[in-house]
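Undergrad: This is the structure I have questions about; it appears just below.
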Amino acid sequence: MKQLTQPLRKAFTLLEMIIVMVVLGIIANFGVEILVNAYSNYIFTSVQNRLQSQSEAAVNQIANRLEYRIKDSTIARAGAGTTPVPLNMANAMNATVLEWVGVDREGWLGTANTPLWSGFIDVNNPTASPNRLITPQSDLAALNTLIGTLSPGGTSIGNAALYFIGGSGDTTNGFGWSGALGTQNQLLHPITSTADGNFTSSIAGVTFADVDIFEFYQLTWSAYAVTFENGGDLVLYYDYQPWEGESYLNGTREVLMQNVTTFAFKAEGDVVSIQICVSDGGLSDAAAYSVCKEKTVL
C-alpha cells in the first residue's frame, strides 16, 4: 500500500519575514520624510513667491509716486499730527510716516503728447497783473476736468498750487505741513484758474504782488503719505492739500500691504531709500517666511 503525502508548499521563513518588515519600515520612514520635505518646500516656495510679488508691487507703487515728488517737500513724522521734520532726521525719531507733495504727472503728460500745463510763466508779458500769472500753451479747462476725474474727493484746479523752480524758503513749513498757507510768500503758491485760462491766487485777498515770480514752475493738486499703522498695515494716503490745512487723514486711504514688519526710509541728499519687510501672517512659523524689498528713488 502506497503512503499518501502532502505536497510541499512554499512559504516565507521567519527570517525572510523579518527582513521584509525591516525593509518596508525603512522605505516607509524615508518615504514619509521625503513627502514632508517636498510639502514643506512647496509651502516655502509658494509663500516666498507670493511675498516677493506683493512686496515688489508695494515698493514699486511707492517709488513710482515718490519719483514725481517736489524734492524739497519730502518730510517725515512719528505719527499723525506730530511735528514734521526733514527726511534726514527720520531714523533718529523712529518715523513711521513718509510724506511729500507730488507733481501732477498726469496733467504734465496731457493728451496726444501735449501737456495740459506748460510749466512756463511769461514773466515779461506786459498784461500780467499782481493777481494774474500768464502760462502760455496751457489748457487749464482740460486740466480741471482731468483732476476731477482722478480725484475721489472732488478736488479741482481751485485746490492746486504752484512751485517755482529756483525759489527758496522754509522747506518744513513752506508747503503747509504745519498748517494752511495764508500768504503767497511760501514755497507753494495756492492758485486757481482765470476765465482766460491763466493762474490767479486762490487765497482770498492775497495777490502775487510781493512774490518773486520765476519762469519755470511745477503744478500739484495732491500730497502723498505712506504710513505704517495698526501693527502691520502699510497705507497710502493721497488727494489732500496740506497748503489748505488738510492732513493725510483727510485724504483717500488705500492699504498697500498687510503683515508688514518693517517700513524704513532715509535720505542721502536728494536720493530717498525705502525698505519694506513683510511676513506671512497665516503660518504658524511666520517669522521663517519673510521678505524684504528695497528701492532707491532719485
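Every number here is computed from the coordinates shown, using simple stated rules; none is lab data. Remember, it's a predicted structure, so these values are computed and weren't measured experimentally. Every residue, glycine among them, receives a Cβ derived from its backbone with ideal geometry; neighbour counts consider all protein chains shown.
Undergrad: Report the local net charge at Asp239: Lys and Arg +1, Asp and Glu -1, summed over other residues whose C-beta lies under 15 Å from its C-beta. Show your work: numbers first, answer last.
TA: Working: positive: Arg65, Arg105, Arg253; negative: Glu99, Asp104, Glu106, Glu244, Glu246, Glu254.
My count for the surroundings of Asp239 gives -3.
Undergrad: Kindly write out, for the range 206-222 in residue order, the coupling ³J(HN,Hα) from the Karplus curve 6.51 cos²θ - 1.76 cosθ + 1.60 (θ = phi - 60°), rounded to whole Hz, with x marking Gly and Pro.
TA: 3J(HN,Hα) across the range 206-222, in whole Hz: 10, 10, 9, 4, 10, 9, 6, 8, 10, 6, 9, 9, 10, 10, 9, 9, 8.
Undergrad: If I stretch the segment between Asn41 and Asp233 completely, what's the gain in nm (0.36 nm per residue apart, minus their alpha carbon distance), one decimal?
TA: Roughly 66.3 nm would be gained on extension.
Undergrad: Check which residues have an amide H placed less than 5 Å from Trp117's amide H, if you skip close sequence neighbours.
TA: Amide H neighbours of Trp117: Asp139.
Undergrad: Give, rounded to the nearest 20 debye, the magnitude of the charge dipole that the range 72-222 has about its Cα centre when Lys and Arg contribute +1 at Cβ and Asp and Glu contribute -1 at Cβ. Please list the in-between numbers first.
TA: Numbers: 3 positive and 11 negative charges, 61 e Å.
That gives a dipole near 300 debye.
Undergrad: Over its Cα atoms, what ratio of radius of gyration to 2.2 N^0.38 Å does the range 72-222 give? Working shown, then result.
TA: Values: Rg = 16.1 Å, N = 151, 2.2 N^0.38 = 14.8 Å.
Rg over 2.2 N^0.38 Å, computed on Cα atoms: 1.09.
Undergrad: Something else: Helix 14-66 sits at what angle to the longest principal axis of the chain, using alpha carbons and giving 0 to 90 degrees rounded to 10?
TA: Approximately 0 degrees, to the nearest 10.
Undergrad: In whole angstrom, and with the biggest value first, how far do the Cα coordinates of the chain range along each principal axis?
TA: On the principal axes, the chain reaches 144, 45, 29 Å in Cα extent.
Undergrad: Okay, next question. Let me check I've understood the local charge: for Thr183, count other residues with C-beta under 14 angstrom from its C-beta, Lys and Arg +1, Asp and Glu -1. What total comes out?
TA: Working: positive: none; negative: Asp170, Asp210, Asp212, Glu244.
Net charge in that neighbourhood comes out at -4.
Undergrad: Got the relative contact order for the chain handy, in percent, Cα pairs under 8 Å and 6 or more residues apart?
TA: Once normalised by length, the contact order is 19 percent.
Undergrad: Mind putting a number on the dipole of the chain about its Cα centre? Charges go on the C-beta only, +1 for Lys and Arg and -1 for Asp and Glu, and I need it in Debye to the nearest 20.
TA: On the way: 14 positive and 26 negative charges, 337 e Å.
Charge dipole, the chain, about its Cα centre: 1620 debye, nearest 20.
Undergrad: So if R0 is 25 Å, what FRET efficiency would Asn185 and Leu150 give, r being the distance between their Cβ atoms, rounded to the nearest 0.05? Could you put the intermediate results ahead of the total?
TA: Working: r = 29 Å, r/R0 = 1.18.
Approximately 0.25, to the nearest 0.05.
Undergrad: Turning to a different aspect of this structure: Return the distance in nm (one decimal) between the two label points of a simple spin-label model at Ala78 and Leu109, each offset 7 Å from Cα along Cα→Cβ.
TA: The two pseudo-label positions are separated by 3.9 nm.
Undergrad: With unit charges on the beta carbons (Lys and Arg positive, Asp and Glu negative) and the dipole taken about the Cα centre of the range 184-298, which residue among Ile274, Gln218, His189 sits farthest to the positive side?
TA: With unit charges placed on the Cβ atoms, the residue in question is Ile274.
Undergrad: Considering amide H positions built from the backbone, and no H for Pro or chain starts, which residues 5 or more places from Leu256, or on another chain, come under 5 Å of its amide H?
TA: The list, which skips near neighbours in sequence, is Leu234, Val235, Leu236.
Undergrad: What full-extension length gain, to one decimal in nm, is calculated for Glu56 and Asn250 as 0.36 nm per residue of separation minus the Cα-Cα distance?
TA: Values: separation 194, 0.36 × 194 = 69.84 nm, distance 2.74 nm.
Stretched fully, the Glu56-Asn250 segment lengthens by 67.1 nm.
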